[in-house]
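Student: Quick one: this structure, given as structure tokens, is what I'll be asking you about.
The values are calculated or read from the model by the stated rules, or taken from the named source; none is laboratory data. Given the structure is predicted, the values throughout are model-derived calculations rather than measurements. Every residue, glycine among them, receives a Cβ derived from its backbone with ideal geometry; neighbour counts consider all protein chains shown. Areas reflect the complete protein model, heavy atoms only, side chains present, ligands, DNA and RNA absent. Shrake-Rupley method; radii C 1.70, N 1.55, O 1.52, S 1.80 Å.
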Amino acid sequence: MSTLRSRSVEMTPAALPTLVRSVWPLLVGVGVALALQFFAKPVIGDFYAKVLLDIGTSIILAVSLTMVNGFTGQFSIGHAAFMMVGGYVSGGIVYYGSLLAWGSADMAGGALSSMIDGREAPFLTWGDALFAGSLVAGGLVAAVCGYVVGLPSLRLKGDYLAIVTLGFGEIVRVLIQSQTSDVLYTVEEVKETAWYLMPTKVGGALGFSGLPFYSSLFWVFLGVAVTLLVAYRLKDSATGRAFLSIREDEIASEAMGVNTTQFKVRAFVIAAFFAGVAGGLFAHSIGVQLNPGELGFLKSFDIIIMVVLGGLGSISGAAIAAAIVTILPELLRNPEPLLKMWPVLAGLAAVLLVAAVVCAMTGRRARSLVAWMCIVLTLLGLGFGARAAAAAGHNLGDYRMILFALALILMMILRPQGLFGVREVWDRSLWKGIADSFRAPPKKGGTNK
Amino acid sequence: MTPPTDAVLEVRSICKSFGGLKAVQEFNLTLPRGSLRGLIGPNGAGKTTVFNLLTGVYKPDVGSVVLGGREITGMRPFRIAGAGLSRTFQNIRLFGELSVLDNVRLGCHVRAQHGVFRSIVRTPFHRGEERAIEASARRLLGVVGLLGRADEQAKNLPYGDQRRLEIARALATEPRVLLLDEPAAGMNSQEKVALRALIQRLRKEFDATILLIEHDMGVVMDICERITVLDYGKTIAEGTPDEVQSNPAVIEAYLGADADAGSSHAASKGGR
Amino acid sequence: MEKFLQTLIDALAVGSLYALIALGYTMVYGILKFINFAHSDVFVLGAWTSFLVAVAAGWGDPQASAGAGREWVAWVLWAATIAAAVIAAFEYAAWKRRHPTDAFSLNRTRLAGSLVLVAAWGWAALGLAKMAGVVKAWGDNGLFSGLLILLCAMATCGLVGFVLERLAYKPLRKAPRLNVLITAIGVSLLLQNLGQLQAMFGTRPQRMPTLLPTDAPLATIANVKIMPVDVIGAATAVALMFLLDFLVHRTKFGRSMRAVSFNPTTASLMGIPVDRVISVTFVIGASLAAAAGFLYGQKYPGLNQTAAAVWVLLGLKAFVAAVVGGIGNIRGAMLGGVLIGLLEFFGAAYVSAAMRDVYVFSLLIVVLLVRPSGILGRPMVEKV
Ligand SMILES: Nc1ncnc2c1ncn2[C@@H]1O[C@H](COP(=O)(O)OP(=O)(O)O)[C@@H](O)[C@H]1O
Ligand SMILES: [Mg+2]
């Protein structure tokens, strides 16, 4: 019998069409990012542009954590540390790079990096190149840290690994907080300081202030596109199956020839890289001051909430949950956009209700319909609750952590696999439950769960 | 047709104890290429432990395992799988959330190149390899008769199908020797007949060398050329089915010399 | 010498508190095999409860601690009591209909039984708090009030531990460990953020009233003052640990605890009420954490708001103590607590104070890599 390799060579497609197939999704991503930057941003206004920016960063973080927690089933709860590493590396490069190159750390980017409308600037400048390079550099340094943190996963499982990642995150935070000192402000100061001391001039406990705001919708959503593409392609390949098999059953996976330690470390490295990039984007976001105190385990928990709610192992689920978790506090603070949609939501709930009643009367299972109705109604209820609270002088957005914590607990009890499980939104089997409601009733005893 | 005589798997007096319990003592085995060997014994005799020792889940205290002329003792399980030893599990260990097809595709993993960079960029070779993997996975699913359920989640399969899926997954690693741990457990008589046919087919089509643990004496006595009998970790008999069946030590191990022995067997079953 | 002695005293005082908290982690891990992330928040709750009770009893500066009255606690208790009575009546009626002749006991009602327990327990805790007030009014030197406040905090947190286990963890008894871990993180976040509500403890740090004199050392050795709070704190911690050790190793209940920890399935087959054992384990762990919270507040009176990162770090150090000592092993937790205390305080005093957390976590990583089962723990292997 021929070997797999020889069969693979036989089936290898021609190079040129493959190149096209490999590259077009990225081009689409670039197109979307450009469209957001140049067409969407002026339309939606500064406030929503900023919300969109935060959503993009959250998506990168959540999807990257999905590669560790979702794909390989290792439980990392120190993800914010990689973000912190990437943010500081990228911030340091941009800040001191600008200072040395142009004499000032002010924003020197083109229209591509602009979050402020009406600013006259060329399309692309050297500042943008410096920023993009710093993102990659931040990602790479974070990836090295990911390798270091991934090593204990060779010997540790589950909760122990979780604690080690948490400990690592805290060590990084304490080191940045206590071992670094004030930011330098002038070129002379930088020139006087020995080069090897530069990494310690990042602001200590006070945070790294004065970073230029390079992160624009274009860069963030370019990052989102690359992250999604990489995550999806990994999941849908031999590598991704190896990741998932580790999560499903490590012993069987190893017995089938998967070098589990190697793949676990790979997952950590890739995830850390993207978290580092997200950290760089976060550090240069408008309205953000990079501060070690803010990127402790509470930030890591935020990311975990997104990943768990979306479904451990689902890329689209993590992205959707990241968007919801980021928007929800804003919506609760100001529920009017949500309430504008209330006729739509109410209509949807009514349709689901009617469908559920009809299904129930004809002896069909309507559970998934009822579940979706509950989700829609919850949204609606939150909207009206938020408005009532606002009228009473409260801000429901302040209670967001309580809501998320409750959601986390309830999700684990009622639907432990998260909203989408390992599956993606477009997987047809995910929607089978709803489709089944309309089909003939299942045979007695023939149901499989 | 005379069976070829070169040994593909050679096990030399491996031992393993857990604390005070000597689970496997002085186990020897020589498997010629293309042979089908049965491994039987009462519950808790140490059969599964032998598999775990061969596949590297546990390291033998002493002794050596040689596969195709290569020493594999003490290697990590994935390397042993790469060297050509593959197994199924007594307590089924499928990748439940993954599809049936993906379970088998994962088995091909060990023969594939699977670079991270290649997967991300999707080089022509990567695409060719994915196609080749899918083709051979589908072929194997056809062999075990699960092609129609390729897209279902493995955890949703009925028990018998899960056992056959485990066999397909193990075959996908293109093993020199296939270890089957109680493949007929939990199957009805119809499925057992099909399983017997499947094993025969594997030998014909894939030239598989098989070591088979099985409790169903009908299956074992019918298809195995030689049988090794374990009891309390010791090899108490070895020979053709007829020789083994008439061996007094084997009869005693299975029926028990008296009620006492029977109850102590029941106790050693313990655990979970 | 002076510095050394002072460091040693601090290390032992705080180390024994770590040990108290570590016991809760270890017991839960021993039985349910998961890290109860919310345990450190129960510890915080203990500290804040004792703050509220102490203030309500009249300790501390009456001006500074406004808004200490929490009427809603009483309302919740009334609601629980009434609900318990109503449900018990219904369950009694239903039961009588099915078994007209048998004698009835509260044990036979499922929901009502728990509710009655919860309500009675809550009233008892409230009673303890009121008693602390009465004792203070009589003019007390702090020791007896302290004991009452300690008991009240322990009772409150024990109750919280009971409810948490029933509501959040029990439904997940058969779920994968990862899910339980996530739930625990959720519970932890919930407690932290509930605690910050204005109706609870608010978002501002407060000052814990100190019950013991802070200006009269018990003894002075080589210029180092040995303060009553250190001695009494450590003594209380040690006494509680001995009590627990006795309970686990010398009583029938301890035996069932150990049996459940060894193998829950077999234990339940042997007639051990596994659910009850687990509940009691949570209650004990939570009340020990509450005691630690009270004692910690006495030593370091500045109480941070409940979601402050310092609290989680304290809890994590206690967890590290449990792991270092060998998780699932009670004596190991005590040993680990003292070790962590020594490491942290001597590191802070003699190397660098800013890096105190780094030592502890580095030790954790080293221990996990070199001997994952800890000092006194036994290694576990997975059967295939
Ligand atoms: N990891 C382990 N730790 C302790 N004892 C084990 C372990 N694995 C197997 N055993 C014991 O070794 C003996 C042989 O088990 P096993 O090989 O599973 O028997 P069987 O022949 O039924 O497959 C049993 O007594 C079992 O309890
Ligand atoms: Mg077996």
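Student: Take B:Lys16 and decide whether it is among the basic types (Lys, Arg), over 17 Å from the mean Cα position of the chain (by Cα) and within 11 Å of ligand 1 (Cβ to nearest atom). Before you say what the answer is, go through the steps one by one.
Tutor: Working: among the basic types (Lys, Arg): yes; over 17 Å from the mean Cα position of the chain (by Cα): yes; within 11 Å of ligand 1 (Cβ to nearest atom): yes.
The answer is yes for B:Lys16.
Student: Are any of the residues in the range B:215-222 outside any loop (DSSP other than H, G, I, E, B), more than 12 Å from every other protein chain (Cβ to nearest Cβ), within 16 Å of ligand 2 (Cβ to nearest atom) and within 13 Å of the chain's Cα centre (by Cα)?
Tutor: No, there is no match, as no residue in the range B:215-222 is outside any loop (DSSP other than H, G, I, E, B), more than 12 Å from every other protein chain (Cβ to nearest Cβ), within 16 Å of ligand 2 (Cβ to nearest atom) and within 13 Å of the chain's Cα centre (by Cα).
Student: Just need a number here: residues in the range A:127-162 that are free of Cβ contacts under 8 Å to residues at least 60 places away in the same chain and of a type in the set (Asp, Glu).
Tutor: 0
Student: Given the conditions (1) among the hydrophobic types (A, V, I, L, M, F, W, C); (2) without any contact (Cβ under 8 Å) to a residue 60 or more places away in the chain; (3) not in a loop (DSSP other than H, G, I, E, B), which single one is not true for B:Leu29?
Tutor: Going through the list (1) among the hydrophobic types (A, V, I, L, M, F, W, C); (2) without any contact (Cβ under 8 Å) to a residue 60 or more places away in the chain; (3) not in a loop (DSSP other than H, G, I, E, B), B:Leu29 breaks only (2).
Student: How many residues are hydrophobic (A, V, I, L, M, F, W, C) and more than 16 Å from ligand 2 (Cβ to nearest atom) when one looks only at the range B:38-66?
Tutor: The qualifying residues number 3.
Student: Can you name every residue in the range A:407-431 that is open to solvent by 40 Å² or more (accessible area, probe 1.4 Å), within 13 Å of chain C (Cβ to nearest Cβ) and in contact (Cβ under 8 Å) with a residue 12 or more places away in the chain? Can you show your working first?
Tutor: Just the residues of the range A:407-431 that are open to solvent by 40 Å² or more (accessible area, probe 1.4 Å), to begin with: A:410, A:413-417, A:419, A:423, A:425-429, A:431.
Okay, now just the ones that are also within 13 Å of chain C (Cβ to nearest Cβ), so A:410, A:413-417.
Across the range A:407-431, the qualifying residue is only A:Gln417.
Student: Also, I was wondering about something else. Search the range B:38-51 for residues that are away from chain C (no Cβ under 14 Å) and pair each with any residue that is within 9 Å of ligand 2 (Cβ to nearest atom) and not in a helix (DSSP H, G or I) when their beta-carbon atoms are under 7 Å apart and the residues are at least 6 apart or on different chains.
Tutor: Close Cβ pairs satisfying both conditions: B:Leu39/B:Ile213.
Student: Could you tell me whether the range C:19-32 includes any residue that is open to solvent by 10 Å² or more (accessible area, probe 1.4 Å) and assigned to a loop (DSSP other than H, G, I, E, B)?
Tutor: Within the range C:19-32, none of the residues are open to solvent by 10 Å² or more (accessible area, probe 1.4 Å) and assigned to a loop (DSSP other than H, G, I, E, B).
Student: Is there a residue being under 30 Å from A:Ile305 (Cα atoms), buried (at least 18 other Cβ atoms within 10 Å of the Cβ) and modelled with pLDDT of 90 or more anywhere in the range A:15-35?
Tutor: Yes, the range A:15-35 has at least one match.
Student: Follow-up. What's the total number of residues in the range A:84-111 that are among the hydrophobic types (A, V, I, L, M, F, W, C) and within 25 Å of the chain's Cα centre (by Cα)?
Tutor: In the first step, residues of the range A:84-111 are kept if they are among the hydrophobic types (A, V, I, L, M, F, W, C); the result is A:84-85, A:89, A:93-94, A:99-102, A:105, A:107-108, A:111.
Those left that are additionally within 25 Å of the chain's Cα centre (by Cα): A:84-85, A:89, A:93-94.
Residues meeting the conditions: 5.
Student: Now, a different point. Limited to the range A:280-296, what total is found for residues that are open to solvent by less than 10 Å² (accessible area, probe 1.4 Å) and either in contact with a Cys (Cβ under 9 Å, 6 or more places away or on another chain) or assigned to a helix (DSSP H, G or I) (or both)?
Tutor: 5
Student: Moving on to the next point. For the range A:147-182, what are the residues that are more than 8 Å from chain C (Cβ to nearest Cβ), charged (D, E, K, R) and open to solvent by less than 20 Å² (accessible area, probe 1.4 Å)?
Tutor: Our first condition is that a residue be more than 8 Å from chain C (Cβ to nearest Cβ); within the range A:147-182, this holds for A:147-151, A:153-154, A:157, A:161, A:165, A:169, A:172-173, A:176, A:180-182.
Now restrict to residues that are charged (D, E, K, R): A:157, A:173, A:182.
Answer for the range A:147-182, where residues must be more than 8 Å from chain C (Cβ to nearest Cβ), charged (D, E, K, R) and open to solvent by less than 20 Å² (accessible area, probe 1.4 Å): there is none.
Student: For the range A:245-254, give me the residue count where each residue is facing another protein chain (nearest Cβ under 7 Å) and open to solvent by less than 10 Å² (accessible area, probe 1.4 Å).
Tutor: If we filter the range A:245-254 for residues that are facing another protein chain (nearest Cβ under 7 Å), which is where we start, we get A:245, A:248-249, A:251-252, A:254.
Next cut, open to solvent by less than 10 Å² (accessible area, probe 1.4 Å) only: A:245, A:252.
Within the range A:245-254, residues that are facing another protein chain (nearest Cβ under 7 Å) and open to solvent by less than 10 Å² (accessible area, probe 1.4 Å) number 2.
Student: To continue, here is another question. Quick one: which of B:Glu134, B:Glu97 is more than 7 Å from every other protein chain (Cβ to nearest Cβ), more than 16 Å from ligand 1 (Cβ to nearest atom) and either more than 21 Å from the chain's Cα centre (by Cα) or modelled with pLDDT of 95 or more (or both)?
Tutor: On the way: B:Glu97 fails: more than 7 Å from every other protein chain (Cβ to nearest Cβ).
So the residue among B:Glu134, B:Glu97 that is more than 7 Å from every other protein chain (Cβ to nearest Cβ), more than 16 Å from ligand 1 (Cβ to nearest atom) and either more than 21 Å from the chain's Cα centre (by Cα) or modelled with pLDDT of 95 or more (or both) is B:Glu134.
Student: Working carefully through the options C:Pro213, C:Pro217, find the one that is more than 8 Å from chain A (Cβ to nearest Cβ), out of contact with any helix residue (DSSP H, G or I) (no Cβ under 7 Å at 6 or more places or on another chain) and open to solvent by 40 Å² or more (accessible area, probe 1.4 Å).
Tutor: Details: C:Pro213 fails: out of contact with any helix residue (DSSP H, G or I) (no Cβ under 7 Å at 6 or more places or on another chain).
Exactly one residue qualifies, and that residue is C:Pro217.
Student: Now a separate question. Every residue in the range B:8-21 that is surrounded by fewer than 20 Cβ atoms within 10 Å (Cβ to Cβ) and more than 16 Å from ligand 2 (Cβ to nearest atom), please.
Tutor: Pass one, the range B:8-21, residues surrounded by fewer than 20 Cβ atoms within 10 Å (Cβ to Cβ): B:10, B:12-13, B:15, B:17-21.
Correct list: B:Glu10, B:Arg12, B:Ser13, B:Cys15, B:Ser17, B:Gly19, B:Gly20.
Student: A further question follows. If you take just the helices (runs of 4 or more DSSP H) that sit entirely in the range B:79-160, which of them hold at least 1 residues that are of a type in the set (Val, Ile, Thr) and in contact with a Cys (Cβ under 9 Å, 6 or more places away or on another chain)?
Tutor: Answer list for the range B:79-160: B:124-144.
Student: Taking the range B:23-57 on its own, how many of its residues are more than 9 Å from ligand 1 (Cβ to nearest atom) and over 14 Å from the mean Cα position of the chain (by Cα)?
Tutor: Summing the residues that are more than 9 Å from ligand 1 (Cβ to nearest atom) and over 14 Å from the mean Cα position of the chain (by Cα) in the range B:23-57 gives 9.
Student: Also, I was wondering about something else. Please go through the range B:67-98 and give me each residue that is among the aromatic types (Phe, Trp, Tyr) and either within 16 Å of ligand 2 (Cβ to nearest atom) or over 15 Å from B:Pro158 (Cα atoms) (or both), ordered by number. Steps first, please.
Tutor: Residues of the range B:67-98 among the aromatic types (Phe, Trp, Tyr): B:78, B:89, B:95.
Scanning the range B:67-98 gives B:Phe78, B:Phe89.
Student: A further question follows. Checking the structure you have, find out if any residue of the range A:36-56 is of a type in the set (Val, Ile, Thr), over 23 Å from the mean Cα position of the chain (by Cα) and assigned to a loop (DSSP other than H, G, I, E, B). Before the answer, list the steps.
Tutor: Taking the range A:36-56 as the starting set, the residues that turn out to be of a type in the set (Val, Ile, Thr) are A:43-44, A:51, A:55.
If we keep only those that are over 23 Å from the mean Cα position of the chain (by Cα) too, we end up with A:43.
If we keep only those that are assigned to a loop (DSSP other than H, G, I, E, B) as well, we get none.
There is no residue in the range A:36-56 that is of a type in the set (Val, Ile, Thr), over 23 Å from the mean Cα position of the chain (by Cα) and assigned to a loop (DSSP other than H, G, I, E, B).
Student: Turning to a different aspect of this structure: Taking the residues in the range A:5-14 that are in a helix (DSSP H, G or I) and open to solvent by less than 90 Å² (accessible area, probe 1.4 Å) as candidates, determine which candidate is farthest from the other protein chains (Cβ to nearest Cβ).
Tutor: So in the range A:5-14, the residues in a helix (DSSP H, G or I) come out as A:5-11.
Add one more test, that the residue is open to solvent by less than 90 Å² (accessible area, probe 1.4 Å), and what stays is A:6-9, A:11.
On the way: A:Ser6: 9, A:Arg7: 4, A:Ser8: 4, A:Val9: 6, A:Met11: 4 Å.
Per the stated criteria, the residue is A:Ser6.
Student: Which of (1) at pLDDT below 90; (2) open to solvent by 40 Å² or more (accessible area, probe 1.4 Å); (3) in contact with a helix residue (DSSP H, G or I) (Cβ under 6 Å, 6 or more places away or on another chain); (4) closer than 19 Å to C:Leu314 by Cβ is the odd one out, the single condition C:Ser362 does not satisfy?
Tutor: (3)
Student: Within the range B:174-187, can you find the residues that are out of contact with any His (no Cβ under 8 Å at 6 or more places or on another chain) and either open to solvent by less than 10 Å² (accessible area, probe 1.4 Å) or among the small types (Gly, Ala, Ser) (or both)?
Tutor: Of the residues in the range B:174-187, the ones out of contact with any His (no Cβ under 8 Å at 6 or more places or on another chain) are B:174-181, B:183, B:186-187.
Across the range B:174-187, the qualifying residues are B:Val177, B:Leu178, B:Leu179, B:Leu180, B:Asp181, B:Pro183, B:Gly186.
Student: Mind counting the residues in the range A:366-406 that are within 12 Å of chain C (Cβ to nearest Cβ), among the aliphatic types (A, V, I, L, M) and surrounded by fewer than 19 Cβ atoms within 10 Å (Cβ to Cβ)?
Tutor: Looking only at that region, the number is 3.
Student: Sticking with this structure for a sec: Please pick out the residue among A:Val224, A:Val183 that is more than 18 Å from A:Ile93 (Cβ to Cβ) and among the β-branched types (Val, Ile, Thr).
Tutor: Details: A:Val183 fails: more than 18 Å from A:Ile93 (Cβ to Cβ).
Result: A:Val224 is the single residue among A:Val224, A:Val183 that is more than 18 Å from A:Ile93 (Cβ to Cβ) and among the β-branched types (Val, Ile, Thr).
Student: Out of (1) within 13 Å of another protein chain (Cβ to nearest Cβ); (2) more than 13 Å from ligand 1 (Cβ to nearest atom), what's the single condition that is false for B:Glu71?
Tutor: That leaves (1) as the condition not met.
Student: Testing B:Thr209 on (1) within 16 Å of ligand 2 (Cβ to nearest atom); (2) buried (at least 17 other Cβ atoms within 10 Å of the Cβ), one condition comes back false. Which one is that?
Tutor: (1)
Student: Closer than 30 Å to B:Asp102 by Cα, in contact with a Gly (Cβ under 9 Å, 6 or more places away or on another chain) and either within 16 Å of ligand 1 (Cβ to nearest atom) or modelled with pLDDT of 85 or more (or both): which single residue out of B:Leu179, B:Leu195 fits that description? Can you show your working first?
Tutor: Working: B:Leu179 fails: in contact with a Gly (Cβ under 9 Å, 6 or more places away or on another chain).
One residue alone meets the criteria, B:Leu195.
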